[in-house]
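The values are calculated or read from the model by the stated rules, or taken from the named source; none is laboratory data. As the structure is a prediction and not an experimental result, all values here were calculated from the model. Cβ: placed from backbone, ideal geometry, glycine included. Neighbour counts: every protein chain shown. The accessibility values were calculated without ligands, DNA or RNA, using every heavy atom of the protein model including side chains. Shrake-Rupley method; radii C 1.70, N 1.55, O 1.52, S 1.80 Å.
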Amino acid sequence: MPILSVSNLKKRFNMEAGFFARYGRFVNAVNGVSFSIAANEAYGLVGESGCGKTTTARLLVRMYEADGGEIMYYPAERQAQSVGALRKEELRLYREKVRYVFQDPARSLNPRMNVYEVIVSGCRGALKRRGVEEQALRERAAGILEEVGLSASDLEKRPSQFSGGQRQRISIARSLLMEPSLLICDEVVSALDVSIQGQILNLLLDIQEKRAMSFLFIAHDLKVACYFCDRIGVMYNGELMEEAPAARLYSEALHPYTQLLFSCATGKKGQTERQPAAAEPKHAPPSASQTAPSCPFAPRCPKAAPRCFNEHPDLTEAGTGHLIRCFFP
């Protein structure tokens, strides 16, 4: 039984912005994405910048409203819920159980608050309605701060007094206060040094083991995702190109785009040193607004044939739990 499932999710944005912008030309940021996340599973969404992975994550917590498709949440204590149909109190309870950790903690942590207020400000009302007094709330915040590798004495400090890795630990602590069942980690290590990345990834693994949580892990580095995740979906131009267990994807990537992502990173599994990308476009790159049937990766694909520019491949099974969107795997 999954904890969250996504079916044919779609989101488009108007290509122009502003009061006098014309309406009618759209960018298809997410175009028919489907996947599921099981209990105590880490699922990765990986791809280049602009592929739609962050938009997908934000649709899950309704920072954006989906234009199509369905998001289903399966809480342990209640019946399945359609996330798009949740209203007010139900949506608030859902967001307590599905928490979001942002990429840049320097921007997501209020510099005018101390760490204690950063951690509890968004949840104080909900916890007090449950009978949690201020002293108990402070003790809970101190315990979570120690769980993420900081000290209870750090509660009175400001975010500006911490390094980037420590600020990310504070963001993770804030997300754990309501004891969520699913944590959405949006590029949480991409702005950190390699050694700090490893520390944060190991922290998340410890949290998953201790709390039996599920994760949606957004990343652009496929090797980092393979280190942390159980299963991975590879996105390009708003679509899933390949999905497989992480170990199988690492040893047997089938889609040319997945192979390209691996070729862009050198070193051992989990390292993030990068080298220039290959596979420059052979034809004009597809516009995210185009509706003509074709493979979105065809202009960059070394295997591309005329069929790839005239037909849209479906996501088909290439092995147990291994899906690929390609005519010539």
- The condition of being out of contact with any Ser or Thr (no Cβ under 9 Å at 6 or more places or on another chain), surrounded by 13 or more Cβ atoms within 10 Å (Cβ to Cβ) and over 21 Å from Ile3 (Cβ atoms) holds, among Val194, Val132, only for Val132
- Task: Kindly indicate which of Leu240, Leu249, Leu254 is open to solvent by 10 Å² or more (accessible area, probe 1.4 Å), closer than 22 Å to Phe297 by Cα and touching a strand residue (DSSP E or B) at 6+ places or on another chain (Cβ under 7 Å).
- Result: Leu254
- Item | Single condition Lys157 does not satisfy, out of (1) in contact with a helix residue (DSSP H, G or I) (Cβ under 7 Å, 6 or more places away or on another chain); (2) surrounded by 22 or more Cβ atoms within 10 Å (Cβ to Cβ); (3) charged (D, E, K, R) | (2)
- With the range 16-135 as the region, which strands (runs of 3 or more DSSP E) entirely inside it contain at least 2 residues that are over 18 Å from Ile172 (Cα atoms)? 26-38, 42-46, 68-73
- Unique match (being open to solvent by less than 20 Å² (accessible area, probe 1.4 Å), modelled with pLDDT under 95 and touching a Pro at 6+ places or on another chain (Cβ under 7 Å)) among Cys226, Cys264, Cys295: Cys295
- Message: If I ask for residues that are of a type in the set (D, E, K, R) and open to solvent by 50 Å² or more (accessible area, probe 1.4 Å), which ones from the range 73-98 would you list?
- Response: Glu77, Arg78, Arg87, Lys88, Glu89, Glu90, Arg92, Arg95, Lys97
- Any idea which of (1) farther than 27 Å from Phe13 by Cα; (2) crowded, with 24+ Cβ neighbours inside 10 Å is the one Gln208 doesn't satisfy? (2)
- Note on the structure: Within the range 10-65, the residues that are open to solvent by less than 60 Å² (accessible area, probe 1.4 Å), under 30 Å from Ala212 (Cα atoms) and either modelled with pLDDT under 90 or over 16 Å from the mean Cα position of the chain (by Cα) (or both) are Gly32
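Let's see how each residue does on (1) in contact with a strand residue (DSSP E or B) (Cβ under 8 Å, 6 or more places away or on another chain); (2) touching a residue at least 24 places away in the same chain (Cβ under 8 Å); (3) among the acidic types (Asp, Glu):
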| residue | (1), (2), (3) |
| --- | --- |
| Leu176 | yes, yes, no |
| Pro180 | yes, yes, no |
| Asp186 | yes, yes, yes |
| Ile196 | no, yes, no |
| Leu201 | no, yes, no |
| Asp206 | no, no, yes |
| Ala212 | no, yes, no |
| Ile218 | yes, yes, no |
| Lys223 | yes, yes, no |
- Is it the case that the range 211-218 has a residue that's at pLDDT below 95, under 21 Å from the mean Cα position of the chain (by Cα) and basic (Lys, Arg)? yes
- Message: Contact list please: Cβ distance under 8 Å, first residue in the range 256-270 and more than 18 Å from Glu242 (Cβ to Cβ), second residue modelled with pLDDT of 90 or more and β-branched (Val, Ile, Thr), pairs at least six apart or on different chains.
- Response: Gly270/Val224
- Identify, by number, the condition in (1) out of contact with any Phe, Trp or Tyr (no Cβ under 8 Å at 6 or more places or on another chain); (2) surrounded by fewer than 19 Cβ atoms within 10 Å (Cβ to Cβ) that Gly165 doesn't meet. (2)
